[in-house]
Structure formats: C-alpha cells, structure tokens
Amino acid sequence: MKKILASLAALGFVMAAGAAIAQDEGHNAAEPTHFPIHKPKYVDWSFAGPFGTYDKAQLQRGLKVYKEVCSACHSMDLVAFRTLEDLGYSEAQVKAFAAEYTIEDGPNDDGDMFERPGLPSDHFTSPFPNHQAAAAANGGAAPPDFSLIAKARGVERGFPTFIFDIFTQYAENGPDYIYSLLTGYDEEPPEGMEIAEGTHYNPYFIGGKSLAMAPPLSDDQVTYDDGAPQTVDQYSRDVSAFLMWAAEPHLEARKKTGFRVVVFLVLFAGLMYATKRRVWANVPH
C-alpha cells in the first residue's frame, strides 16, 4: 500500500511539473497567454491563520485611504456606517462620519425626493447616480463595487499549494491580490510587449496585461494621524486589510466559534471512547 501511495504521489508531481513546463513553453513574455503574469505577493496579514485577528489601527487607516482615494470611483453598497464601530470608533464618531455623506431619501409628503445627512443605518454611497453613469465616466466600464471585492478577487494557487492551504487555512488570496495590484504599477513591461493606449501595464492584473485604471496611490497622498509610513506600500496594505474586513466583518467571531467547536468535538470523542470502553469492558468479545 505504501508503495502504491508513493507511486501515485510521484505521478501527481510529474504531471504537475509537465503541465507547468508545457505552460511555460506556450508562454511568450511579450504576448502572455495566462494571467496574472506574476503570482500575487504573499503578505503576512494579522488576520491570517486560525487565530488571526484584525488590526483595528490598520483598518482605520484603510478606511481613510478608501474614503480619500478609492471612493471617488468605487462604491461600497453593502457596508453600513454602523458597522464601523467594529473598527474601534465610538457611536458618536460613527454618527459624525455618516453625517459627512449626503443621502437621497423620500418621497416626502409631496411625493418629492429630498437629500439629508447620512445616518449610521445608511450604507456607503456610490459616487455615481447609476451604473450607466459610472460606465460612461470610466470609458465604458463601471468600476466594481468594493463591498465584497476581497472575496471576489483572488488567484488560484494551483497544485500542490492548495493542498497545504487546507492545513494552514490560507484564505488571504483576495487581499494578497489587491495589494499586489496596487503596488505593481512600477514594473516595466517586457521588451516587445504592446500596451493598448489609455491602459497601464500591471503584471498582477488578473484580467490581462494592462488595465484602464491609472495608479491610484502615491507617496504622501493620504495623511496618517498615527505616524504610520505614508507610502504606496503601506497604503496598499491598509486598504487591502480594510476591504477584507468589509467583505468578512465576522471573521474573528467565525474563527473563535470554529475553535470552540473543534475543542468540543475532541472532548466529546474522548468521552464517547471512554464510555464505550466502560460499557463493554466486561462483555466477552
């Protein structure tokens, strides 16, 4: 049996290596056939692993980056202002933050729509009145909503990495991809590669060799109040972590519940084994 398992494992590695070689042979640096060109960078996130937790200071910085930069194009329709209390803000701070937004409400008693300051129960507003307006303002392609972007975007890690991910509980491919994309604009395209006019080369873009979005971040663009570095790298880390929280705000509670369930199942299995031994101890078998 051991020989059979060893042979199957060796066969799997040989097949994977052969596929990788075939893929590389069909891959031209100037005209790549698979994307992203580079695999996303691996980032050591505070929320990674079975016991990971969010860094609230980082989430607050990420919110600041989103508000001052990303919100000019990207909506976050599924995130309510009241959930910002999870980032460490007080109720009064959340009310003040929501009031900075203008919300269209109504109709009133006269049947007219009206505008009012935002409330904690409201959601982040869209920078465009509708999908068509967003597309028209961005060359025909509406910017994606950021509510679930950290869960919707991610690059498959392939064999055999995904097997190890089962045991390490790696689930940060979304934030890794966002961080890599935001920091990948500085790389130069290979010699001979043609980049369409009006697009920007980024080897980490999952949809092609270039994208219409210009580099959104630059050093010292956003002012931090906690003394954190005001660099593109730090901005990218912070906003990626914030978007992960927006997509999975209950991550910490889920991990705590899962750990308790595992502990319970281990104890329960031990009790069942001890009970079985006790019940059948004096029974011939």
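The values are calculated or read from the model by the stated rules, or taken from the named source; none is laboratory data. In this text, all values refer to a predicted model and were calculated from it rather than measured experimentally. Cβ: placed from backbone, ideal geometry, glycine included. Neighbour counts: every protein chain shown. Just the protein is used for accessible areas: all its heavy atoms, side chains included, with ligands, DNA and RNA removed. Shrake-Rupley method; radii C 1.70, N 1.55, O 1.52, S 1.80 Å.
How about the stretch 137-152: which of its residues are of a type in the set (S, T, N, Q) and within 16 Å of Ala214 (Cβ to Cβ)? The one that is of a type in the set (S, T, N, Q) and within 16 Å of Ala214 (Cβ to Cβ): Asn138. Taking first residues from the stretch 210-224 that are in a loop (DSSP other than H, G, I, E, B) and partners that are open to solvent by 70 Å² or more (accessible area, probe 1.4 Å) and at pLDDT 95 or above, the Cβ contacts under 7 Å between residues at least 6 apart in sequence or on separate chains come to Val222/Glu68. Applying the set (1) at pLDDT below 95; (2) closer than 23 Å to Gly62 by Cα; (3) of a type outside the set (Val, Ile, Thr) to Gly208 leaves exactly one unmet item: (2).
Listed here are the residues, each with its yes/no results for (1) touching a residue at least 40 places away in the same chain (Cβ under 8 Å); (2) open to solvent by less than 60 Å² (accessible area, probe 1.4 Å); (3) under 27 Å from Tyr170 (Cβ atoms); (4) hydrophobic (A, V, I, L, M, F, W, C).
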{"residue": "Pro190", "(1), (2), (3), (4)": "yes, yes, no, no"}
{"residue": "Thr199", "(1), (2), (3), (4)": "no, yes, no, no"}
{"residue": "Phe205", "(1), (2), (3), (4)": "yes, yes, yes, yes"}
{"residue": "Ala246", "(1), (2), (3), (4)": "yes, yes, yes, yes"}
{"residue": "Arg260", "(1), (2), (3), (4)": "no, no, yes, no"}
{"residue": "Tyr273", "(1), (2), (3), (4)": "no, no, no, no"}
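Out of Tyr177, Tyr170, one residue alone is of a type outside the set (A, V, I, L, M, F, W, C) and assigned to a helix (DSSP H, G or I). It is Tyr177.
Can you find a residue in the stretch 139-156 that is assigned to a loop (DSSP other than H, G, I, E, B), open to solvent by 50 Å² or more (accessible area, probe 1.4 Å), at pLDDT below 95 and of a type outside the set (Gly, Ala, Ser)? Yes.
Can Asp238 be described as at pLDDT 95 or above and either surrounded by 17 or more Cβ atoms within 10 Å (Cβ to Cβ) or among the hydrophobic types (A, V, I, L, M, F, W, C) (or both)? Answer is yes for this residue. Under the condition of being surrounded by 13 or more Cβ atoms within 10 Å (Cβ to Cβ) and assigned to a helix (DSSP H, G or I), the residues counted in the stretch 97-135 number 6. When the stretch 108-132 is filtered for residues that are without any contact (Cβ under 8 Å) to a residue 40 or more places away in the chain and under 21 Å from Val79 (Cβ atoms), the ones remaining, listed by number, are Glu115, Arg116, Pro117, Gly118, Leu119, Pro129, Asn130, His131. Quick check: is even one residue across the stretch 168-177 of a type in the set (A, V, I, L, M), at pLDDT 95 or above and surrounded by 12 or more Cβ atoms within 10 Å (Cβ to Cβ)? Checked against the condition, which is being of a type in the set (A, V, I, L, M), at pLDDT 95 or above and surrounded by 12 or more Cβ atoms within 10 Å (Cβ to Cβ), the stretch 168-177 yields no hits at all. So the check is Cβ under 7 Å with 6+ separation or different chains; which pairs have a first residue in the stretch 30-43 that's without any contact (Cβ under 8 Å) to a residue 24 or more places away in the chain and a second one that's part of a loop (DSSP other than H, G, I, E, B) and open to solvent by less than 90 Å² (accessible area, probe 1.4 Å)? Sorted first by the residue in the stretch 30-43, then by its partner, the pairs are Thr33/Gly26; Thr33/His27; His34/His27.
A search for C-beta distances below 7 Å between a residue of the stretch 149-170 that is touching a residue at least 12 places away in the same chain (Cβ under 8 Å) and any residue that is of a type in the set (Asp, Glu) and assigned to a helix (DSSP H, G or I), counting only pairs 6+ apart in sequence or on different chains, returns Arg157/Asp165.
Looking across the stretch 74-92, the residues that are in contact (Cβ under 8 Å) with a residue 40 or more places away in the chain and either open to solvent by 50 Å² or more (accessible area, probe 1.4 Å) or touching a Ser or Thr at 6+ places or on another chain (Cβ under 7 Å) (or both) come down to Ser75, Met76, Asp77, Leu78, Val79, Ala80, Asp86. Residues that are assigned to a loop (DSSP other than H, G, I, E, B), among the β-branched types (Val, Ile, Thr) and touching a Phe, Trp or Tyr at 6+ places or on another chain (Cβ under 7 Å) do not occur anywhere in the stretch 229-246.
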